[in-house]
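Contents: one structure, followed by commentary.
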Amino acid sequence: MIEIKDKSLCCGCNACGDACPANAIRFEADEEGFLYPTVDKTICSGCGMCDKVCPVQAVSNRKQVDPSEAVSCFAVNHKNLEIRFDSTSGGMFSALAEEIYRKKGFVGGAIYNEDFSARHFISDEKADLARIRSSKYLQSDAQGFYRKVKDCCETGRPVLVCGTPCQISALKLYLGKDYSNLTTVDFICHSVASPKAHRKYFDYLEEVFGSKAVYFKAKNKELGWRSLTKKTIFANGRSHYGVRGKDCYSRAYHSGMIDRPSCYSCKFKGIARDSDITLADFWGAEKYAKELDDNVGTSAVIVHSEKGKSLFLSTSKRIIKKEVSIADIAKGNRPLTTVAAMPNYDRVQFFKDMDALRFDELSNKYFPIVAPRRRHPVLGTVYQIVRQLIKETSFNPKAILQFVKLNFLHPAIHTDWRSNALIYPTANCVFDIDKTASVIIKGPVRFGVKRIKGSKLETRLLVDPKGRLEFLGPARFGYGSDVEVFRNAHLTFGSDCGGNVALTVICGEKISIGSHTFWGREVSIRDTNGGHVIAMQGFKNTNPVIIGDFVWLCSECKIMTGVKIGDGTVVGSNSVVITPLPARVLVTGHPAQIIGTDIAWKH
C-alpha cells in the first residue's frame, strides 16, 4: 500500500490512483502545491497494485545503458515555420504527432487548463495538437490519464504519448505489457515546478495588468529562442514579455526553489530511457548543426528503440535533420544526466512567504535580478562608455563635443552615466533642444547610426519649449532620421526599440511607441496636421498616436493622426494607417487593411 513518509520518494506521477481497482487513492495538494496520494484504508483491498506501478519503487529494475552505447541522435527542424514558432524547440514533437494523426491515432501530453495549471490529456483530434505541443514548465495532473491511454491502446490504433521520464516509466508499469501500437516520448527534464508557484505568478501579472490572462507561451520565440521569453496576453489586449533573468517566474524556476522534492534525487536521469524517443532543446546547435540554427529553435532527438526509429523516419517529409552524437547533445543539456541542485534555503519559510507576498516581492527577496559582475563597477562602466563612444563617433571632434554637451552640460537632458543611460551621436547629427524642455534618458540612445560610413546624411532631433521626450531604455535611430517634439508635446519611446534610415516622427501632442518596436526605411509617424485646417465635422489638428509593444513598421509605411496599434502587429511596406489596429494582425494597403490575424514574428 502506498504510504508517503518521505516526499522525496514520490515523483507525483499519479499512476497509483489509476491502478487502484478499489478507487481507494485520492490526491491532495500539500502546502507547496504538489499532489501526493492518500489511501482510504477502509476500502483498500491490500492488492498492492499501487506499489507495482510506482516508478520510484521499480527504479532498480530499469535497464542500464553504457554512455558509450550507440543511440541515434539528430538535430531537427520542422519545415513549417509557423509550427516551429509555436513549439518549445524545433517542432519535432509536432512532426511525430502529425504522423500519428495521419494514421487516425491518438496523441497525449500535457495541456494548460483555463487557470494555467497543467493536466495530461489524450485525443484523436488534430486540432488539439496546438494545446499539447510546447513544454509547460510545471507539474501536470495525470489523474485518469493512464486509464485513458490503455483504452486507446486497446483500440489497436496508433498511440503517441509524451511525458516526463518518470511519467513514461509509470505508464509502462501501469500497462504491464508492450503495446506494439504505442510510441512513448519523454524529454530531457530539468525538474517539475510547483503548480502553486505557477498560479501565484499569474495572480501577480493579472494584478499588474488589470486583466485576466487569456494566453501564455512558456517559450515564446518573438525575441528569439535563446531569450527564453514567457509571453502572456491579457483580456484587455495587452501583452507581457518576460525574458529570462528578468522575468520572476523564470528566475524562480532556474533558482531550483520551486522544484518538487523528488527532483533533487531524480532516479530517471541518464541515456537509458523507458521511452522510445527523447526530445530536448538542442543547446549548442550553433556549433554542431549550424545550418539549422536561426534562433527560432532546434530540436535534439535521441532515438532509443526500433519502434521510435520507425516513427521518426516516417516524419522525413516534414523535417530537416542532421545526425549528431550523444556527446553533442549532452554538452548543452546537463539535465540529461545530472539531477537538479537543491538550493541552500529555508524551504518551509519560502512557501509561507509565497502565501504572504506577491510573486514579484517573493522573487526580489529570494532570487533578485543579479547585475553582471565587474572587477570594478565604475571602471567597467567607464570602459563600456568609452568603447561605445569611439565606435559611434569614429573620433569625429564634432560628435565627441556633442556627446559631452548633450550628456553632461545641457540643462534639459537627464542622463545617468552610471547605468550607461547616455546619448551617443554620430557625425552629421543636429540637435535643437530648448532649455525648458525635458529629455529623459534611461538607456543608451544611438543617433545617426550608419552603414555607409562616408555618408553625410543628416540626422535631426528637435524638442521645442516645454516639450517632453522620454527613452525608457536602449534605442537606435538610423542616419537621416528626423524626430521633432513641438511645444508642450510628449513623445515616448519604449525600451529596446529602433530601426533603419530616415525615420520621421512629428509629435504635436502625444505619441507613445512601445518597447521592442522596430521600423524599416523611411517610416513616418505623426499626430499633427501641422496647423492646416480642413472644414469638416470632427476634424482635429492633433490626435494622439499610441503604438504598442513588439510592433513592426515596414519600409515607407505611414502612421497618421489618432491611430492606435495593438501589440505584436505588423504594418506592411508602403501602407498608410488611418484607423486603429488590433493586436497581432498583419496589415497592408492604402488605407491599411487586415490580411492576417493572430500572427507572430521574430526580429
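For Ile25, the stated conditions do not hold, so it cannot be described as of a type outside the set (Asp, Glu), touching a helix residue (DSSP H, G or I) at 6+ places or on another chain (Cβ under 6 Å) and either closer than 19 Å to Val59 by Cα or without any contact (Cβ under 8 Å) to a residue 24 or more places away in the chain (or both). Here Arg226 passes the criteria (1) part of a helix (DSSP H, G or I); (2) touching a His at 6+ places or on another chain (Cβ under 7 Å) except the one numbered (2). Please work out if Ile122 is within 18 Å of Ser275 (Cα to Cα) and free of Cβ contacts under 8 Å to residues at least 40 places away in the same chain. So Ile122 fits the description; yes.
Would you confirm whether or not the stretch 425-441 contains a residue that is at pLDDT below 95, hydroxyl-bearing (Ser, Thr, Tyr) and either out of contact with any Cys (no Cβ under 6 Å at 6 or more places or on another chain) or not in a helix (DSSP H, G or I) (or both)? Yes. Within the stretch 268-295, residues that are free of Cβ contacts under 8 Å to residues at least 40 places away in the same chain have Cβ atoms under 6 Å from residues that are buried (at least 17 other Cβ atoms within 10 Å of the Cβ) and in a loop (DSSP other than H, G, I, E, B) in these pairs: Glu286/Asp293, counting only partners at least 6 apart in sequence or on another chain.
Highlighted here are the helices (runs of 4 or more DSSP H) found entirely within the stretch 95-182 that include at least 2 residues which are at pLDDT 95 or above and either buried (at least 24 other Cβ atoms within 10 Å of the Cβ) or in contact with a Leu (Cβ under 9 Å, 6 or more places away or on another chain) (or both): 145-154, 165-175. If you go through the stretch 296-340 and keep only what is within 20 Å of Lys221 (Cβ to Cβ) and touching an Asp or Glu at 6+ places or on another chain (Cβ under 9 Å), you end up with Gly297, Thr298, Ser299, Ala300, Arg318, Ile320, Gly332, Asn333.
For the stretch 239-254, the criterion of a residue being more than 20 Å from Arg334 (Cβ to Cβ), of a type outside the set (Val, Ile, Thr), buried (at least 18 other Cβ atoms within 10 Å of the Cβ) and more than 15 Å from the chain's Cα centre (by Cα) is satisfied by no position. Collect the residues in the stretch 263-306 that are in a helix (DSSP H, G or I), in contact with a strand residue (DSSP E or B) (Cβ under 8 Å, 6 or more places away or on another chain) and crowded, with 18+ Cβ neighbours inside 10 Å, keeping them in residue-number order. The answer is Ala285, Tyr288, Leu292. Is it the case, given these coordinates, that Asn574 is within 23 Å of Glu470 (Cβ to Cβ), part of a loop (DSSP other than H, G, I, E, B) and at pLDDT 95 or above? No: the conditions fail for Asn574. Exactly one residue out of Pro544, Pro580 is within 25 Å of Phe234 (Cβ to Cβ) and within 30 Å of the chain's Cα centre (by Cα): that is Pro580. Pairs are defined by a Cβ separation below 7 Å, a sequence spacing of at least 6 or placement on different chains, a first member in the stretch 84-102 that is without any contact (Cβ under 8 Å) to a residue 60 or more places away in the chain, and a second member that is among the charged types (D, E, K, R) and assigned to a helix (DSSP H, G or I); the pairs so defined are Tyr101/Lys126. When Val570 is tested against (1) within 25 Å of the chain's Cα centre (by Cα); (2) without any contact (Cβ under 8 Å) to a residue 24 or more places away in the chain, just one condition goes unmet, and that condition is (2).
The values are calculated or read from the model by the stated rules, or taken from the named source; none is laboratory data. Remember, it's a predicted structure, so these values are computed and weren't measured experimentally. Cβ coordinates were reconstructed from backbone atoms using ideal geometry, including for glycine residues, and neighbour counts include every protein chain displayed.
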